[in-house]
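Following: one structure in structure tokens, then a few remarks.
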Amino acid sequence: MKKPSVIGMVMLLVCSFIWGTSFVAQSEGMKLMEPFTFQAVRSLLGGTVLIPFIVVSDIVKKRNGSYTKPSKRVRRRTLFVGMGCGVILCVASCLQQFGMAMGTDGGKAGFITALYILIVPLLGLLLRKKVRPVMWGCIALGIVGLYLLCIHGGFTVEAGDGRVMICAVIFAVHIVAIDIFVPGLDGVKVSCIQFFTSAVLSGICMFIFESPSWEQLKGGWFSLFYAGVMSCGIAYTLQILGQQRTEPTVASLLMSFESVFAVLGTIGFSFIMGEPQLPTAREWAGCALMFSAIILSQLPLEKFFAKRKARRT
């Protein structure tokens, strides 16, 4: 089990913040272009923006003498892991896009997708990874918080809900895959390769099933820029780097905080537009429960209860 890292937690919280605030950009972009087109272009931007970071990083390392040329085995492993993560990410993202296009509203899509906070530890059990008992309580708190935050009114089953549910399972697989295969590799290079892989796969589907046009891309340039550069290039790279320092169950809880940031971002945008919308008591309660789940997951509660039990005996 990985030791808690403040740096890793901050990376994952920044990641969830970017994902949460990019939801509006994603929704607006989908109004102007079809799912494969949006996914292909945003992935291409995400991979492209990382190339200068990789080049500059290697130059700096060479100058200060900390650069070590990766072996052929490491280069090959980086390529295969990046491509594998790219395939998983592409399938999950496209399923989410199609689910929303088929009628699943944003709040419900966010709730169903964030159910990976439960799926990740279940997958961990299948791989014989221990989950701290307190984490199950934190997961339950997080799910209740997400429900209060994202679902307003009754929970009816829509046509796209099944696709979003499959998307949640695949996102959980993506989180577990990063935890297993990325340690020891350059996280930024893995991230870059995964985006270009996703761009190629989505691009092939785009030309087969859709009719992209320059007018669509020009009309949605800001949505593509934010979703590509910020949500893909920066946020998913922070996910990989943050997960290298954080156990997957805690990482999934931290990343599910994107729902909180999405609500807060919507409120902030409403103030900017001059039509302020304050959160409801239900939404405040959801935020509080999710925040409590994050805090409790970092407290050494097992040791506390073990000491109390020892004192009684």
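Derivation of every value follows stated rules applied to the coordinates shown; laboratory data play no part. A quick note: this is a predicted structure, and the numbers were derived from the prediction, not measured. Glycine gets a Cβ as well: all are built from the backbone with ideal geometry, and neighbour counts include every protein chain shown.
Can you give the Rg and Dmax of segment 1-114 based on its C-alpha atoms, in angstrom?
Cα radius of gyration and Dmax of segment 1-114 are 18.0, 54 Å respectively.
Each label point is 7 Å from the Cα along the Cα-to-Cβ direction; what then is the distance between the points at Phe225 and Ser71, in nm?
The answer from the label model is 4.5 nm.
Can you give the extra length, in nm with one decimal, that the chain gains between Ile267 and Ser211 once fully stretched, where that is 0.36 nm per residue apart less the Cα-Cα distance?
On the way: separation 56, 0.36 × 56 = 20.16 nm, distance 3.51 nm.
Stretched fully, the Ile267-Ser211 segment lengthens by 16.6 nm.
How do Val144, Val190 line up, fewest other C-beta atoms within 10 Å first?
Working: Val144 15, Val190 25.
Lowest to highest Cβ neighbour count: Val144, Val190.
Please compare each pair in Lys72/Lys129; Lys31/Lys218; Lys108/Lys218; Lys189/Lys218 to a cut-off of 20 Å on the Cα-Cα distance and tell me which ones are over it.
Correct reply: Lys72/Lys129; Lys108/Lys218; Lys189/Lys218.
Using only Cα atoms, locate the centre of segment 89-144 and the centre of segment 1-41, then give the distance between them in Å, rounded to an integer.
Their Cα centres are 15 Å away from one another.
Using a 10 Å cut-off around each Cβ, can you sort Lys61, Lys31 from fewest to most neighbouring Cβ atoms?
Details: Lys61 12, Lys31 9.
Listed from fewest to most nearby Cβ atoms, that is Lys31, Lys61.
Tell me which label goes with the value of Rg and Dmax of the Cα atoms in Å computed from the coordinates here: (i) 21.9, 79; (ii) 28.0, 108; (iii) 20.1, 74.
Step by step, Rg and Dmax of the Cα atoms in Å for this structure corresponds to label (iii).
Cα-based Rg (one decimal) and Dmax (whole number) for segment 45-179, in Å?
19.3, 60
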